[in-house]
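Right, one structure below, let's go through it.
The values are calculated or read from the model by the stated rules, or taken from the named source; none is laboratory data. Just so it is clear, the model here is predicted, and its values are computed rather than measured. With ideal geometry, Cβ positions are generated from the backbone for all residues, glycine too; neighbour counts draw on all protein chains shown.
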């Protein structure tokens with residue numbers, strides 16, 4: 001039920017800052033399925049709480065941020081498998097950042113990823129207000 005509330009808040013633009021709400025929803029709803037240096041596969045967790053349209057909204061939001069994030073080379077989304085593959089530059093985004101970020105750990109590597117994602121989010125938000 002918590003994931004549903006977080007996703008609804010992100011999509012409605014309520015509650016915490018949009019970026020913080022998106023991070024909370026993403027870390028609750030997404031897990032690392034596989035990871036090698038430069039490539040990570042992320043999968044939506046099926047907690048039974050998110051409605052299909054809410055999950056789709058979260059996927060679109062995360063995909064939009066990742067597409068604009070420096071260091072991300074490509075994203076391939078497989079909606080049927082509820083996962084996506086992200087190819088990234090390990091020189092820009094430390095490989096250890098992904099696991100720390102999705103575990104909610106406050107490490108230097110996770111902060112690098114968080115800062116890159118925040119900058120991409122702000123860019124999207126700024127363009128949306130034009």
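Any idea which of (1) at pLDDT 90 or above; (2) under 11 Å from the mean Cα position of the chain (by Cα) is the one residue 33 doesn't satisfy?
(2)
Of the conditions (1) surrounded by fewer than 16 Cβ atoms within 10 Å (Cβ to Cβ); (2) at pLDDT below 95, residue 50 satisfies every one except a single condition; which number is it?
(1)
Only one of 91, 96 is surrounded by 15 or more Cβ atoms within 10 Å (Cβ to Cβ) and over 19 Å from residue 22 (Cα atoms). Can you tell me which?
Result of the check over 91, 96: 96.
Determine the pairs where a residue that is more than 23 Å from residue 57 (Cβ to Cβ), located within the range 83-101, has a partner that is surrounded by 15 or more Cβ atoms within 10 Å (Cβ to Cβ) and modelled with pLDDT under 95 with Cβ atoms under 8 Å apart, the partner being 6 or more residues away or on another chain.
Partner pairs satisfying both residue conditions: none exist.
Do the conditions hold for residue 59, that is, is it under 24 Å from residue 115 (Cβ atoms) and either at pLDDT 95 or above or more than 14 Å from the chain's Cα centre (by Cα) (or both)?
It is false that residue 59 is under 24 Å from residue 115 (Cβ atoms) and either at pLDDT 95 or above or more than 14 Å from the chain's Cα centre (by Cα) (or both).
Could you look through the range 107-130, keep only residues that are at pLDDT 95 or above and loosely packed, with under 13 Cβ neighbours inside 10 Å, and pick out the one that is nearest to residue 37 (Cα to Cα)?
Looking at the filtered set, the residue picked out is 108.
If we scan the range 64-73, do we find a residue that is farther than 21 Å from residue 122 by Cα, modelled with pLDDT of 90 or more, touching a strand residue (DSSP E or B) at 6+ places or on another chain (Cβ under 7 Å) and surrounded by 15 or more Cβ atoms within 10 Å (Cβ to Cβ)?
no
For the range 12-28, name all the residues that are closer than 18 Å to residue 121 by Cα and either buried (at least 20 other Cβ atoms within 10 Å of the Cβ) or modelled with pLDDT of 85 or more (or both).
Residues satisfying the conditions are 18, 19, 20, 21, 22, 23, 24, 25, 26, 27.
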